[in-house]
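Have a look at the structure below before the remarks.
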């Protein structure tokens, strides 16, 4: 699996990988620039108070003050708090940066063969000078200069640059696979491409910006969370700035550095420090999954999805149908048909072909034969002929789409006529056998199968029944989705009876049969009118309106340019089942934020119990009772709290990057579990942590 | 603590809970504009009022219009009270010949009554004429209560409506609330109080000769009618200076019990209105459960603290708990319960002096108010205050189920969080801020009756009570000074209106959103998990802010007291 290869850099290793950590440490200091810090209000406030206390410390250093060593340590840890936050963000960005570097290499300067004028003369120009609407010729061995749409020709293209998949893919004009991406390479044949993206805004450009995090916009939930954190910070400003006056009334005084320590430990620095790292890591998880989200908003929306529209073919059923029965025409035995079908499929490596060989062996006892022994040549399937087979001496066997085979036996070559961008087969005059084949194939179609006609030496033998096979494990996936509260709807062009049969077998909640693009669009609008968020994936140009309408539209990378523009995510692997994982990644992103926010706020309880008694002990010795952790001394208590506050950021970076694991157990159970871990845990952990640090601080004689 | 004491407490809770459903149903009908059994009598009055006021009852308002209408309405209320107090010497119904009230005290009292605070810097029987009491205070008791309820209903509409621009009509809501809910109950309630022995007269103060032959003036007046709405509308401003500890303002144990019930009745029933309007009564019960948990914890602590008394009292041979500052007629249970109810509910009526409670017993009323008076709370204000915390709790924890947080079908997004934070922010700003100023200002410190932590608590309590629009006083503090009149008035004003405006903005933004049907992925908001979550968020976000101040006030006082140091 390609995605597996790309996922090799796991989170745990990212924290240890010097290639990421070393630049991240440097970046942590660069990010101290207040102009960058202000984007993160909580950490900005910490930086400001750290700077203020530093100034006070320096003044005291000159004039000579008390407790200089203690003050120095507090200030040091204040700066560490800020640096750790920056480091977390830098580590998260680091992985994307590495990926962006390799992408940039593909964006090397290339020449383009620009076709000009009505006579389409070819001129060599620089790739960067191309404008939207220009038409270029790309031949075998050339790099495609920019994103575009194939307007003429068929070619195999190596898209490893963006997908990591080295097996070439077919790009052709007219169909649903007409989009080409700048930076990919044509391996064979030639195509004419109309440029659709200006320089700087091509797919690869966008991908680079995305993985670098350069254009990262705050997502709606992140904005809301930032408001909450800023609000809490202000509340704690009130709580701390009033304390000196209260202390003065009680006849005591409190130093600025102690107040600052209380303030910084109380404000939600943990989540404030990790918030942007969580967001970057969420996008990064998608990228490593070979899905490109055009905005963070889309990733978040994925977590909120209520309804999933899934295309039957390729998502619910194996895109490749399997042979399940042989239907010979009159005068031909099943054995005979099986023999011919097997011969035609011997060298056919497609799943359909292999399934015919398997069927012939299992049901008709025909063993595999060696192509070399037969001295046969394989006639591969092409988009033009739409059939395949072998020629061995005088023997010639073909199997393929019914129309193609019928025209093959009637005239020897398929008659096609080009009209605009569509290619239509002319209906050949049918023989009697031809009519019989047509009847059989119609029956198969009605039952939800796909017919494949077989001919030997120009004579029709019969039809292979290819059946939709529901993917293994898909039923369980749908059950899981149901537990998540997500409704699945299967979209298919099949008739309602076939659709119902497959829907029942796959366990989807609902289906839309004989779906036209308009039906899809209407279904999405209806769901949205009920307040639901809809996700779908699609590839064709006619999917574009629905992709644009859906809250989460995942376009297949193999699809048309129109589809890729309309969707808010692109799946580079073109695997529609991934929609389910995309939803999980969205949920994980939201959960991680919620969990760390809860943890951060719950931490305050212990910090209060550490600092409040320490602060007031000088004038109200009775408050020693509140020192429930029995911390060694007031100074050690304050220092321990601030050290814990800084170290917890580092400790939680792996969780922020990896994300909180999502389990499809329903919201109630999920909340119970997470509240227990991050809520209750958030109350208990700092008590233990601060006590442990206090023991160390006392042992080292730091305070 | 005694069994009979706990039975009293539980009986009280049972009656309040029993009233929730019927009263909730009735109020839902009223605010949905449906016909009720009162309509035959009241509908004609209602239509006449609309005609006089030029109100089109069919025309609903955008949240901004609704809020502006509410604010204008209060400007009017302020002018009426201020005018009456300044001019009462020239006006009728003044048998005791009370003179004009000082400008700063008039200002404080006017703000106090329009904000449903009813802080008493005045002594009713020695300062105010009957006209001021009736047309000024009683009248605002009705309208400030009706306003609170109307605002809560407007916020509920925000949750229950889908894709709408309007949240109701302020004039209609206030009119219907006053006519259909407050007035009928108060009429019956007043008669009950008169039966219990409360005065209701426009006659002059009574001159009496005591057994020793001394002359005594006994203050009377239209007491019962004012006390009814004072309790039902969680206003709390007493007719007499001693408030509900005065025998004429709270004559019997039964009147005491019914007064306590009436404080909670509407506030508790509003949770049911919420449940009904959002289409699931369990949502309302869950909110009431949150309030119930916090309430009973508070009652338990205060009752325990008061029943156990202090080591100092014990060393003097005084057993049986702390009776200082309590009416012998009510005793420890009814006084502790009353203190917790009145501060939980933003009422502020007192039947015992909170200043004389033990440090811990007096801390609970303080905490109740600092949490924002959301434990049942002021009529309306309690519910919308609680919903602010629910929104925050849902937002923080809701993300943990992997979805944009939703509450009763509404997504909680940036705007809601912003408004909730704005509304909650102003509370600590006012009471922590003004306390910080007061405790270092020599003239303000001079108002304290006690030194040390206890004096600190008196000041903290005063500003907390004012900001929370509670109005109960810790006593001890001499509040009728220029400084306190103005600062307390500003706390009351900010605490009320700076909270209301964001709440209404939130109502408007919620109403405009689509309602999302619940699914298995939706955070359940009716179970014990939700209740525990909200309680936790209230205690951590709401409570921790005050921990330093509490540590320097009641906590240190309690610890010192255990070491026999008194303040």
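The values are calculated or read from the model by the stated rules, or taken from the named source; none is laboratory data. Because the structure is predicted, anything quoted here is derived from the model rather than measured. Here Cβ is always computed from backbone atoms with ideal geometry, including for glycine, and neighbour counts include all displayed protein chains.
For segment A:610-620, filtering for residues that are more than 9 Å from every other protein chain (Cβ to nearest Cβ) and either more than 19 Å from residue A:646 (Cβ to Cβ) or surrounded by fewer than 24 Cβ atoms within 10 Å (Cβ to Cβ) (or both) leaves 3.
Within segment A:308-357, which residues are part of a loop (DSSP other than H, G, I, E, B) and in contact with a helix residue (DSSP H, G or I) (Cβ under 8 Å, 6 or more places away or on another chain)? Step through it out loud before you land on a result.
Going through segment A:308-357, the residues part of a loop (DSSP other than H, G, I, E, B) turn out to be A:312, A:314-316, A:318-321, A:329-333, A:346-350.
Within segment A:308-357, A:312, A:315, A:316, A:318, A:320, A:321, A:329, A:330, A:346, A:347, A:348 meet the criteria.
Give segment B:182-222 a look and list any residue that's at positive phi and modelled with pLDDT of 90 or more, or say none. Listed by number, the list holds a single entry, B:197.
Scanning segment B:463-481 turns up at least one residue that is out of contact with any strand residue (DSSP E or B) (no Cβ under 7 Å at 6 or more places or on another chain), away from every other protein chain (no Cβ under 14 Å) and in a helix (DSSP H, G or I).
Which ones in segment B:215-257 are part of a helix (DSSP H, G or I), in contact (Cβ under 8 Å) with a residue 60 or more places away in the chain and surrounded by 19 or more Cβ atoms within 10 Å (Cβ to Cβ)? I'd like the intermediate steps shown before the answer.
Within segment B:215-257, the first condition is being part of a helix (DSSP H, G or I), and the residues that meet it are B:223-232, B:243-245, B:253-257.
Of the ones still in play, those that are also in contact (Cβ under 8 Å) with a residue 60 or more places away in the chain are B:225-226, B:229-232, B:243-245, B:253, B:255-257.
If the condition is that a residue be part of a helix (DSSP H, G or I), in contact (Cβ under 8 Å) with a residue 60 or more places away in the chain and surrounded by 19 or more Cβ atoms within 10 Å (Cβ to Cβ), then B:225, B:226, B:229, B:230, B:231, B:232, B:243, B:244, B:245, B:255, B:256 are the ones that fit.
So, restricting to helices (runs of 4 or more DSSP H) that lie completely within segment B:488-567, which ones have at least 3 residues that are at pLDDT 90 or above, more than 7 Å from chain A (Cβ to nearest Cβ) and surrounded by fewer than 23 Cβ atoms within 10 Å (Cβ to Cβ)? Steps first, please.
Working: elements: B:528-537, B:547-550, B:556-562.
Where helices (runs of 4 or more DSSP H) fall fully within segment B:488-567 and carry at least 3 residues being at pLDDT 90 or above, more than 7 Å from chain A (Cβ to nearest Cβ) and surrounded by fewer than 23 Cβ atoms within 10 Å (Cβ to Cβ), they are B:528-537.
When segment A:457-493 is filtered for residues that are buried (at least 22 other Cβ atoms within 10 Å of the Cβ) and at pLDDT below 80, only A:468 remains. Could you look through segment A:153-175, keep only residues that are at negative phi, surrounded by fewer than 17 Cβ atoms within 10 Å (Cβ to Cβ) and not in a strand (DSSP E or B), and pick out the one that is modelled with the lowest pLDDT? Checked segment A:153-175; the qualifying residue modelled with the lowest pLDDT is A:166.
Say whether the condition of being within 26 Å of residue A:662 (Cβ to Cβ), within 14 Å of chain B (Cβ to nearest Cβ) and within 19 Å of the chain's Cα centre (by Cα) is met by at least one residue in segment A:536-547.
As a first pass, look at segment A:536-547 and keep what is within 26 Å of residue A:662 (Cβ to Cβ): A:536-538, A:547.
Now narrow it down to the ones that are within 14 Å of chain B (Cβ to nearest Cβ): none.
No, segment A:536-547 contains no residue that is within 26 Å of residue A:662 (Cβ to Cβ), within 14 Å of chain B (Cβ to nearest Cβ) and within 19 Å of the chain's Cα centre (by Cα).
For segment A:578-598, residues that are under 30 Å from residue A:629 (Cα atoms) and either more than 10 Å from chain B (Cβ to nearest Cβ) or outside any helix (DSSP H, G or I) (or both) total 0.
Of the residues in segment B:437-449, at least one is closer than 23 Å to residue B:556 by Cα, at the interface with another protein chain (Cβ under 8 Å from one of its Cβ atoms), surrounded by 22 or more Cβ atoms within 10 Å (Cβ to Cβ) and modelled with pLDDT of 90 or more. When restricted to residues that are within 13 Å of chain B (Cβ to nearest Cβ) and in contact with a strand residue (DSSP E or B) (Cβ under 6 Å, 6 or more places away or on another chain), segment A:299-318 contains 6. Could we say that residue A:293 is within 12 Å of another protein chain (Cβ to nearest Cβ) and either within 30 Å of residue B:464 (Cα to Cα) or touching a helix residue (DSSP H, G or I) at 6+ places or on another chain (Cβ under 7 Å) (or both) here? When the stated conditions are applied, residue A:293 does not pass them. Suppose the filter is surrounded by fewer than 22 Cβ atoms within 10 Å (Cβ to Cβ) and at the interface with chain A (Cβ under 9 Å from one of its Cβ atoms); does residue B:402 pass it? Spelling it out, it is not the case that residue B:402 is surrounded by fewer than 22 Cβ atoms within 10 Å (Cβ to Cβ) and at the interface with chain A (Cβ under 9 Å from one of its Cβ atoms). Hey, any hits in segment B:391-408 for a residue that's within 26 Å of the chain's Cα centre (by Cα) and part of a strand (DSSP E or B)? There is at least one residue in segment B:391-408 that is within 26 Å of the chain's Cα centre (by Cα) and part of a strand (DSSP E or B). Taken together, A:563, A:555 contain a single residue that is more than 14 Å from chain B (Cβ to nearest Cβ), under 22 Å from residue A:286 (Cβ atoms), part of a helix (DSSP H, G or I) and in contact with a helix residue (DSSP H, G or I) (Cβ under 9 Å, 6 or more places away or on another chain), which is A:563.
When we screen B:371, B:388 for residues that are buried (at least 24 other Cβ atoms within 10 Å of the Cβ), closer than 18 Å to residue A:597 by Cβ and more than 10 Å from chain A (Cβ to nearest Cβ), the only hit is B:388. Whether a residue is in contact with a strand residue (DSSP E or B) (Cβ under 6 Å, 6 or more places away or on another chain), within 14 Å of chain B (Cβ to nearest Cβ), surrounded by fewer than 23 Cβ atoms within 10 Å (Cβ to Cβ) and part of a helix (DSSP H, G or I) was assessed, and residue A:527 passes this test.
Screening residue B:420 on (1) within 7 Å of chain A (Cβ to nearest Cβ); (2) buried (at least 24 other Cβ atoms within 10 Å of the Cβ) shows it passes everything except condition (1). Kindly indicate which of B:132, B:115, B:147, B:109 is free of Cβ contacts under 8 Å to residues at least 40 places away in the same chain and crowded, with 24+ Cβ neighbours inside 10 Å. After applying the criteria, what remains is B:109.
Being over 27 Å from residue B:177 (Cβ atoms) and out of contact with any strand residue (DSSP E or B) (no Cβ under 9 Å at 6 or more places or on another chain) is a property that holds for residue B:252. Considering B:272, B:308, B:280, the condition of being surrounded by fewer than 20 Cβ atoms within 10 Å (Cβ to Cβ) and within 30 Å of residue B:27 (Cα to Cα) is satisfied by B:280 alone. In contact with a helix residue (DSSP H, G or I) (Cβ under 7 Å, 6 or more places away or on another chain), under 30 Å from residue B:516 (Cα atoms) and not in a helix (DSSP H, G or I): is that true of residue B:415 in this structure? When the stated conditions are applied, residue B:415 does not pass them.
Can you confirm whether residue B:300 is without any contact (Cβ under 8 Å) to a residue 60 or more places away in the chain and under 22 Å from residue B:365 (Cα atoms)?
Details: without any contact (Cβ under 8 Å) to a residue 60 or more places away in the chain: yes; under 22 Å from residue B:365 (Cα atoms): yes.
For residue B:300, the condition - without any contact (Cβ under 8 Å) to a residue 60 or more places away in the chain and under 22 Å from residue B:365 (Cα atoms) - is met.
Restricted to segment A:362-373, and to residues there that are farther than 17 Å from residue A:462 by Cα and touching a helix residue (DSSP H, G or I) at 6+ places or on another chain (Cβ under 8 Å), the residue that is surrounded by the most Cβ atoms within 10 Å (Cβ to Cβ) is A:366. When segment A:241-261 is filtered for residues that are within 8 Å of chain B (Cβ to nearest Cβ), more than 16 Å from residue B:452 (Cα to Cα) and in a helix (DSSP H, G or I), only A:241 remains. Taking segment A:641-681 as the range and being within 8 Å of chain B (Cβ to nearest Cβ) and part of a helix (DSSP H, G or I) as the test, the residues that pass are A:667, A:668, A:670, A:671, A:672, A:674, A:675, A:678, A:679.
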